[in-house]
Amino acid sequence: MWFINALSKAGSLSCFSVLALFHIRSGGTLPARLIRTTYELGIRCLPVISIVALFSGLVLGLQGHYVLARFGASGMLGTLVSLSLCRELAPVLAAVMMAGQAGTALAAELGIQRSTEQIDALELMGISAEGYLVGPRLLVACFVFPVLTALFTIVGITGGWLSGCVLLNQDGHSYWSAVRLAIHSKDINECLTKALAFGLLTVALCAFQGFNAHLHGEAGARSVSVATVRGVVLSSIAILVADYLITALLV
Amino acid sequence: MNAMVSDKITTPDPIPAPEELLSVQGLKKSFGTKQVLQDVSFHVPHGGIVAILGRSGTGKSVLLRCIVGLLPYDEGQILFRGKNVDTPPFRAPLLKACSYVFQHNALFDSSTVLENMLIPLRARGELSESAQFQKAKDLLGRMELEDASNRFPAELSGGMQKRLAVARALVTDPEVVLFDEPTAGLDPIRRNAVFEMIVKLQRESRFTALVVTHDVQEALIVSSRIVWLDAGCVAFSGTPSAFEAQEDPKFSLFRDNLQALKQSLR
């Protein structure tokens, strides 16, 4: 029974996302909506992504330095930091952080718009609320998530260099050489594919929860909080599940 | 049972059929086991103001939401210009011709006052960009909101928000405007101002207004027809003078509520 229920929800989510992209031009002013969404999803997430990336790299450099030293492989620090960030940590951590920042904001905003009848008002004006409110976010997620994930990787690798080479006196030149030799186009491809998939999943799930906040058996402010929590929890789980599936397919 | 009572006391509709703009026939709507609308039938003639009255919880707002398709109903049919508008593809002519003023205004809070006015105009796409701006600014001027064009709805007073909600509803020159409790939570002075505004705009723009309200005295003054909902049924449908002549305590208690309060306190 739960399987059929989950399948039905997945079907509704897919229809919701397709409708949103199909009616993206509904209501006009698409360029303005895209610019605003890029600011909300991209620019506003920059500080948190940079900070998390820097400290992830610092910790990875620190741990890597001591663990690799046990095996006499300190020279492999650049390889370890760059590959673990590029293939795994950057897409997952960036997506989880964006789910926490942009996903909550999206679910809460749509939930409030639902509870204050703004979504009903749009539909009565003949505007597709999915297309007008969610379409630009899905489209923008397709390039903002990969760009921020790439930035996460670069800042994280720099963090690894800071802790490994600047603080622990490893050779910087060999660190960057190892980074250059380790990362192949296949790894970048995997990183960006994951970022794209996680971006679409995060935005679709958070938007779906906020948009349908009135269907969770709660009303008013409570419905918004329930939608926000569900959006972030479900998108975080979906990111990890999708991570495994994509890794299994691409590895 | 309710339908029988309703039939007995309903005043015959004096408006001839060809002038009917909107017709609601045998509408039923329930939420779980609770039946909110049991058998609602009434007609809305072209032009004028039709007030839908009744106690709280009798399904007035649910009825309005069913008419425009915001809520699906269980049984019955809604006719617009004699054509069935039950399902989404056939509802388009009704939605194109009508506007809805929500009880809590439903203003787009992340858009400015001017943008709130432009959104429905852009959705129609019938006017050029400059004509849309001109029309929105003209109507804001008529509503004395021109100085607030660049402000956000949250920065406006309650009365200004209500005026903006009405202005947004009228900017597309609708044929029918549905007002859901337009005076809810307003003091008597503002309440009068809102009714005055509705009448003034209705006379200027000649739209048909369907107003859900609790304000019986005001509704009797401004409306051309009264529809009284009781226990999910139409208990009365007719002119305000016919409503005032009703002796049934179910109406008179509500209509003359101040006298009823005085009597009960004696």
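The values are calculated or read from the model by the stated rules, or taken from the named source; none is laboratory data. The structure displayed is predicted, hence computed values, not measured ones. With ideal geometry, Cβ positions are generated from the backbone for all residues, glycine too; neighbour counts draw on all protein chains shown. What goes into the accessible areas is simple: the full protein's heavy atoms, side chains included, and nothing from ligands, DNA or RNA. Shrake-Rupley method; radii C 1.70, N 1.55, O 1.52, S 1.80 Å.
Taken over the stretch A:211-233, the criterion of being open to solvent by less than 70 Å² (accessible area, probe 1.4 Å) and either part of a helix (DSSP H, G or I) or of a type in the set (S, T, N, Q) (or both) is satisfied by A:F211, A:N212, A:A213, A:G220, A:S223, A:V224, A:S225, A:V226, A:A227, A:T228, A:G231, A:V232. The residues of the stretch B:212-229 that are buried (at least 22 other Cβ atoms within 10 Å of the Cβ), closer than 19 Å to B:H46 by Cβ and either small (G, A, S) or touching a Leu at 6+ places or on another chain (Cβ under 8 Å) (or both), listed by number, are B:S223, B:I226, B:V227. Applying the criterion of being within 9 Å of A:G78 (Cα to Cα) and among the hydroxyl-bearing types (S, T, Y) to the residues of the stretch A:161-180, the residue that is surrounded by the most Cβ atoms within 10 Å (Cβ to Cβ) is A:Y175. Can you name every residue in the stretch A:5-43 that is assigned to a helix (DSSP H, G or I) and either among the β-branched types (V, I, T) or in contact with a strand residue (DSSP E or B) (Cβ under 8 Å, 6 or more places away or on another chain) (or both)? Answer for the stretch A:5-43, where residues must be assigned to a helix (DSSP H, G or I) and either among the β-branched types (V, I, T) or in contact with a strand residue (DSSP E or B) (Cβ under 8 Å, 6 or more places away or on another chain) (or both): A:V18, A:I35, A:T37, A:T38, A:I43. Evaluating A:G72 against the criteria (1) surrounded by fewer than 19 Cβ atoms within 10 Å (Cβ to Cβ); (2) more than 14 Å from every other protein chain (Cβ to nearest Cβ); (3) in a helix (DSSP H, G or I) leaves one unmet condition, (3). Scan the stretch A:133-145 and give yes if some residue there is within 14 Å of another protein chain (Cβ to nearest Cβ) and of a type in the set (A, V, I, L, M, F, W, C), otherwise no. Looking through the stretch A:133-145, at least one residue is within 14 Å of another protein chain (Cβ to nearest Cβ) and of a type in the set (A, V, I, L, M, F, W, C).
Can you name the residue in the stretch B:162-192 that is of a type in the set (G, A, S) and over 26 Å from B:A131 (Cα atoms) and is also surrounded by the fewest Cβ atoms within 10 Å (Cβ to Cβ) among such residues? Selected residue: B:G185. Taken over the stretch B:192-218, the criterion of being free of Cβ contacts under 8 Å to residues at least 60 places away in the same chain and among the polar types (S, T, N, Q) is satisfied by B:N192, B:S205, B:Q217. The selection criterion, being open to solvent by 50 Å² or more (accessible area, probe 1.4 Å), modelled with pLDDT of 90 or more and assigned to a helix (DSSP H, G or I), does not hold for A:L106.
Of the helices (runs of 4 or more DSSP H) that lie entirely inside the stretch B:34-144, those containing 3 or more residues that are away from chain A (no Cβ under 12 Å) and without any contact (Cβ under 8 Å) to a residue 40 or more places away in the chain span B:129-142. Would you say B:K34 is over 28 Å from B:Q217 (Cα atoms), modelled with pLDDT under 90 and buried (at least 22 other Cβ atoms within 10 Å of the Cβ)? Judged against the criteria, B:K34 is not a match.
Taken over the stretch B:162-180, the residue count meeting the criterion of being in a loop (DSSP other than H, G, I, E, B) and either of a type in the set (S, T, Y) or over 16 Å from B:Q202 (Cβ atoms) (or both) is 1. Here the stretch B:145-161 is the region considered, the condition is being open to solvent by 10 Å² or more (accessible area, probe 1.4 Å) and assigned to a helix (DSSP H, G or I), and the residue that is farthest from the other protein chains (Cβ to nearest Cβ) is B:D147.
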